[in-house]
């Protein structure tokens, strides 16, 4: 099987992302990925160096389109609750709209690879902890601007929010209804004092 003369790397990464997301990392051998991409194994190694490097590239791209990417956005004074609420609502909408109920690629991969893969496990740990750190900075900003109360503990609350997102990305494999997912998410946000009723999402 000859490598196509016009190899579209971006399209190949998207195709690989879907394969990893649906089937899991371990189920996607170099042989299977090469066949899926329509290239030879040697062309695969020339293009991506290794399966691990391809997955790392996939994970980086996925992070840019994941609903919780918004936690890295700059917000105006008094907009922290609104951003958090919008992000959770978007996650509910995106997960409910997926007919395959795949959930989150990163969360799925954490369960599969952390503690088992010495290369990709730490990469996933860094991604998850980085997300917690971004949420924590957002909460600290909310305290500094006076939107959030002084009694709020940013680190503990960031961990709670991340845990809720992880849970949402697991339960969506069973509960596919957006209204039900939002009910779970918004109840948790209310409990943390972070729900913004008037937010459009």
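A few notes on this one:
- The residues of region 35-75 that are surrounded by fewer than 17 Cβ atoms within 10 Å (Cβ to Cβ), over 23 Å from the mean Cα position of the chain (by Cα) and in a loop (DSSP other than H, G, I, E, B), listed by number, are 38, 40, 49.
- Count of region 151-173 residues which are without any contact (Cβ under 8 Å) to a residue 60 or more places away in the chain and not in a helix (DSSP H, G or I): 3
- Verdict on residue 93 being without any contact (Cβ under 8 Å) to a residue 24 or more places away in the chain, within 23 Å of residue 185 (Cα to Cα), outside any loop (DSSP other than H, G, I, E, B) and out of contact with any strand residue (DSSP E or B) (no Cβ under 6 Å at 6 or more places or on another chain): no
- A single entry from 108, 102 fulfils the requirement of being surrounded by 14 or more Cβ atoms within 10 Å (Cβ to Cβ), within 12 Å of the chain's Cα centre (by Cα) and outside any helix (DSSP H, G or I): 102.
- Sole exception among (1) at pLDDT below 95; (2) on the phi > 0 side of the Ramachandran plot for residue 100, by number: (2)
- Filter result for residue 83 (under 18 Å from residue 160 (Cβ atoms) and more than 13 Å from the chain's Cα centre (by Cα)): yes
- In region 118-145, residue farthest from the chain's Cα centre (by Cα) [restricted to those that are assigned to a loop (DSSP other than H, G, I, E, B) and in contact (Cβ under 8 Å) with a residue 24 or more places away in the chain]: 145
- Which listed residue, of 113, 148, 83, is crowded, with 19+ Cβ neighbours inside 10 Å and under 27 Å from residue 174 (Cβ atoms): 113
- Within region 15-33, restricting attention to residues that are assigned to a helix (DSSP H, G or I) and without any contact (Cβ under 8 Å) to a residue 24 or more places away in the chain, the residue that is surrounded by the fewest Cβ atoms within 10 Å (Cβ to Cβ) is 31.
The values are calculated or read from the model by the stated rules, or taken from the named source; none is laboratory data. Remember, it's a predicted structure, so these values are computed and weren't measured experimentally. Positions of Cβ are backbone-derived with ideal geometry, glycine not excepted, and every protein chain shown enters the neighbour counts.
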